[in-house]
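The values are calculated or read from the model by the stated rules, or taken from the named source; none is laboratory data. Please read these numbers as outputs of a predicted model, since none were measured by experiment. Cβ atoms come from the backbone with ideal geometry, glycine included; neighbour counts cover every protein chain shown.
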Amino acid sequence: MVFERLARWFGRPIYYGWPMLVGVSTAQVVSWGILYYAFSVFIAPMQVELSWSTVELTGAYSLAILCAGLAAVPVGRWLDRYGPRALMSMGSVLGVLLVLAWSQVQSLPAFYAIMAGIGLASTGVLYEPAFTIVAAWFRRQRGRALTVLTFFGAFASFVFIPLSAWLTAALGWRAALVALAGILGAITIPIHIGLLRRRPEDLGLLPDGEAVLTEVGSLPSPREPSVSAAAALREARFWLLTFAFSASGFVTVTMTVHLTPYLIVRGHSATFAATVAGLFGLMSLFGRMTVGPLADRVARQWITIGLLGLQVAGLLVLGAPANHHLARSPTWRCSGPALAC
């Protein structure tokens, strides 16, 4: 009914892939923001209440990343055979339950078990299954569809790191996690269960909505080349790119976890630290708006080299000696389980 009304308003049929993509992109913002980015906000208040060290806390996050990596291969096989709908739906439900369990955690082993589960749930709801939706539903317009998906995703840290910090200051870290679990469930579960479809053929369409577009004379999408996994694994370029992106991902994850506590130790308030950490998403949004058009004019290998170089430069600046007026010990003001600085 909604799509029929939109079609009448636009004066032409609407390809189902686009509203589905917008829904999935919205769920990506929430899933990334809560299951991935929010963790850094909870390190300091959990240390205050539970007396766990930074190493113990971040070790649990490392375990989550490891479990996500180990689950990648079976998740990929599932996606090839069954599509993303059931996987993303189960991942959302599991994520909600685990965030609720996190809010009640008392022991370190239980926390590690919860974070391992969050790593598994993340594999089922983040970019990997979302990219398979783009690949199945779009060909000629795939670049535009990827831009939409990643454009939305860039807001995850910008929204949820400051939001998590505000909720923690207002409610305490345990109640903040309960609130985040409610947001995660209310937004992602209905989208994944109700909106997702495996492929356009299930609705009598072709990628890009060609069953509609060919009526006005559009050309069909070209057949895509295919490379076997064995052939890709024999390519030196594959391994070099894998190493480069793994190193970049290592740095990105490290910064995501440690930047907020690092800035607090350097003398900044928790609110300021969370806001700066949230700027990761805003700057990636700017990058996605500029790099895409730039890639049409500059060879992609030079763009990649430039982006990795900027990452190195940023780390060098961040690690430079602090000014004297910033290098002071932080002052903690704690009210109950909440941490306000």
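Quick notes on this one:
- Among helices (runs of 4 or more DSSP H) entirely within segment 15-99, having at least 2 residues that are of a type in the set (A, V, I, L, M, F, W, C) and within 27 Å of THR168 (Cα to Cα) singles out 17-32, 39-50, 54-70.
- Positions within segment 239-269 being farther than 22 Å from THR150 by Cβ and either charged (D, E, K, R) or in contact with a helix residue (DSSP H, G or I) (Cβ under 6 Å, 6 or more places away or on another chain) (or both), in sequence order: THR260, PRO261, LEU263, ILE264, ARG266
- With respect to being β-branched (Val, Ile, Thr) and in contact with a Phe, Trp or Tyr (Cβ under 7 Å, 6 or more places away or on another chain), ILE114 fits the description.
- Against the conditions (1) at pLDDT 90 or above; (2) surrounded by fewer than 20 Cβ atoms within 10 Å (Cβ to Cβ), ILE118 satisfies every one except (2).
Per-residue answers, yes or no, for (1) touching a strand residue (DSSP E or B) at 6+ places or on another chain (Cβ under 7 Å); (2) more than 29 Å from ALA232 (Cα to Cα); (3) aromatic (Phe, Trp, Tyr):
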{"residue": "SER246", "(1), (2), (3)": "no, no, no"}
{"residue": "VAL253", "(1), (2), (3)": "no, no, no"}
{"residue": "HIS268", "(1), (2), (3)": "no, yes, no"}
{"residue": "PHE280", "(1), (2), (3)": "no, yes, yes"}
{"residue": "ARG288", "(1), (2), (3)": "no, no, no"}
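- Extreme residue, nearest to ILE264 (Cα to Cα), among residues of segment 63-76 that are modelled with pLDDT of 90 or more and surrounded by fewer than 16 Cβ atoms within 10 Å (Cβ to Cβ): LEU66
- For LEU184, the test of being among the aliphatic types (A, V, I, L, M), surrounded by 18 or more Cβ atoms within 10 Å (Cβ to Cβ) and within 14 Å of the chain's Cα centre (by Cα) is passed.
- Number of the exception - GLU201 against (1) under 21 Å from the mean Cα position of the chain (by Cα); (2) surrounded by fewer than 18 Cβ atoms within 10 Å (Cβ to Cβ); (3) not small (Gly, Ala, Ser): (1)
- Within segment 180-193, residues that are touching a residue at least 24 places away in the same chain (Cβ under 8 Å) have Cβ atoms under 8 Å from residues that are among the charged types (D, E, K, R) and surrounded by fewer than 18 Cβ atoms within 10 Å (Cβ to Cβ) in these pairs: HIS192/ARG85; ILE193/ARG85, counting only partners at least 6 apart in sequence or on another chain.
- Number of the condition not met by TRP173 [criteria: (1) within 16 Å of the chain's Cα centre (by Cα); (2) touching a residue at least 24 places away in the same chain (Cβ under 8 Å)]: (1)
- Test: residue in segment 252-262 that is under 26 Å from ALA169 (Cα atoms), modelled with pLDDT under 80, surrounded by 14 or more Cβ atoms within 10 Å (Cβ to Cβ) and more than 27 Å from the chain's Cα centre (by Cα): no
- Number of the exception - LEU167 against (1) touching a helix residue (DSSP H, G or I) at 6+ places or on another chain (Cβ under 6 Å); (2) closer than 19 Å to PRO19 by Cβ; (3) modelled with pLDDT of 95 or more: (2)
- Matching residues, segment 194-204, being touching a residue at least 24 places away in the same chain (Cβ under 8 Å), out of contact with any helix residue (DSSP H, G or I) (no Cβ under 6 Å at 6 or more places or on another chain) and either hydrophobic (A, V, I, L, M, F, W, C) or in a helix (DSSP H, G or I) (or both): LEU203
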